[in-house]
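The values are calculated or read from the model by the stated rules, or taken from the named source; none is laboratory data. It should be emphasised that the depicted structure is a prediction, and the values quoted were computed from it without experimental measurement. No Cβ is skipped: glycine too gets one built from the backbone with ideal geometry, and neighbour counts run over all protein chains shown.
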């Protein structure tokens, strides 16, 4: 495991060693060039280098003051890439004329103003309230209310998301809110809360959540896997092996991060299911993932295979380590087309159809 960490750090170091050779040129571009020059002579040059480390980095830049350029490495809220932005910046050298940051930082609400056409988004035009669900008491389900008409729902949703991304910061916006909807003020069904109180509300809910589940751990002695079969709409079979006892766990919200590892194979001659050779290889890949993730406190929910795709399911208390493990799994198995996703789902509604199975 230590060897893997060393290799990752070397890759980050390689990038920063290269950046040091270019930083004076980049500084001049940021300070003296316009947006077109920054895109062409800065972003278009660093992007291929960073893609060698991890795909999914984006950039923001500008001058903090006359002598300091700022570079923000963002992942556009993509959960699985957050840890790689954080690690990249952690490995960055101290540079006299650069301020380099992982993820868009939170801003003072007084300075957050977003305009899209005739729509203006600020603390004066956005309010919120919380929906409570008896069945899902830990769910943070918010309604954001725009002071004006909701006729153009797409624009209003985009504007409020940009506002929240800047006000809360990229990390908090991506991780602290479970679900939300956007409406116009005429549709509001509860008392409106000024949006400047949102940070305090989210911090309060997070403290409560951590306190509630800080000592909760699933005992894998309770694991009980069942083989399930169903038919797809195209009449091909779906075969699943699912830990049904885990899906009935009363403290599911203590493992709020769901991860899905997806692998494509050729099963056209076997009704969409893997042939023996693929079946064994895919099992080996999955077992390595299970072993590595179990050491880091993640739980294996199960797997399903159908229509030339195998999906393996995991849940965890955090999203960072699993992103690193699954990325390594994908990199180590180039013979298969593989991908993974990570998302927050406190009550594992993603598995609701399996939860009903017995």
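Within the stretch 38-54, which residues are touching a helix residue (DSSP H, G or I) at 6+ places or on another chain (Cβ under 8 Å) and within 26 Å of residue 340 (Cα to Cα)? It would help to see each step written out before you state the result.
So the first thing to find is which residues in the stretch 38-54 are touching a helix residue (DSSP H, G or I) at 6+ places or on another chain (Cβ under 8 Å), and the list is 38, 41-42, 45-46, 49-50, 52-54.
Listed by number, the residues that qualify are 46, 49, 50, 52, 53, 54.
Going through the stretch 137-147 one residue at a time, which ones are touching a helix residue (DSSP H, G or I) at 6+ places or on another chain (Cβ under 8 Å) and surrounded by fewer than 16 Cβ atoms within 10 Å (Cβ to Cβ)?
147
Could you check, for the stretch 225-239, whether at least one of its residues is assigned by TED's automatic domain parsing to the domain that holds residue 350, free of Cβ contacts under 8 Å to residues at least 24 places away in the same chain, assigned to a loop (DSSP other than H, G, I, E, B) and farther than 30 Å from residue 268 by Cβ?
The answer is no; no qualifying residue exists.
I'd like the full set of residues that are in a helix (DSSP H, G or I) and either crowded, with 21+ Cβ neighbours inside 10 Å or not assigned by TED's automatic domain parsing to the domain that holds residue 287 (or both), limited to the stretch 298-324.
Result: 322, 323.
Test residue 163 against the criterion of being closer than 22 Å to residue 76 by Cβ, touching a strand residue (DSSP E or B) at 6+ places or on another chain (Cβ under 9 Å) and touching a residue at least 40 places away in the same chain (Cβ under 8 Å), and give yes or no.
Yes: the conditions hold for residue 163.
What about residue 90, is it out of contact with any helix residue (DSSP H, G or I) (no Cβ under 6 Å at 6 or more places or on another chain), within 30 Å of residue 176 (Cα to Cα) and loosely packed, with under 14 Cβ neighbours inside 10 Å?
Here the answer is yes, as residue 90 does meet what is asked.
Within the stretch 267-296, how many residues turn out to be at pLDDT 95 or above, surrounded by fewer than 18 Cβ atoms within 10 Å (Cβ to Cβ), in contact with a helix residue (DSSP H, G or I) (Cβ under 8 Å, 6 or more places away or on another chain) and not in a helix (DSSP H, G or I)?
1
Of the conditions (1) surrounded by fewer than 18 Cβ atoms within 10 Å (Cβ to Cβ); (2) touching a helix residue (DSSP H, G or I) at 6+ places or on another chain (Cβ under 9 Å); (3) without any contact (Cβ under 8 Å) to a residue 24 or more places away in the chain, residue 29 clears all except one; give me its number.
Result: residue 29 passes all but (1).
Take residue 253 and decide whether it is in a helix (DSSP H, G or I) and not assigned by TED's automatic domain parsing to the domain that holds residue 161.
The answer is yes for residue 253.
Tell me the residue from 20, 95 that is outside the structural domain of residue 316 (by TED's automatic domain parsing), part of a loop (DSSP other than H, G, I, E, B) and in contact (Cβ under 8 Å) with a residue 40 or more places away in the chain, please.
Only one candidate passes the filter, namely 95.
Test each condition in (1) surrounded by 16 or more Cβ atoms within 10 Å (Cβ to Cβ); (2) farther than 19 Å from residue 26 by Cα; (3) touching a helix residue (DSSP H, G or I) at 6+ places or on another chain (Cβ under 8 Å) for residue 69 and report the one that comes out false.
(2)
Looking at the stretch 34-56, which of its residues are closer than 16 Å to residue 70 by Cα and in contact (Cβ under 8 Å) with a residue 24 or more places away in the chain?
46
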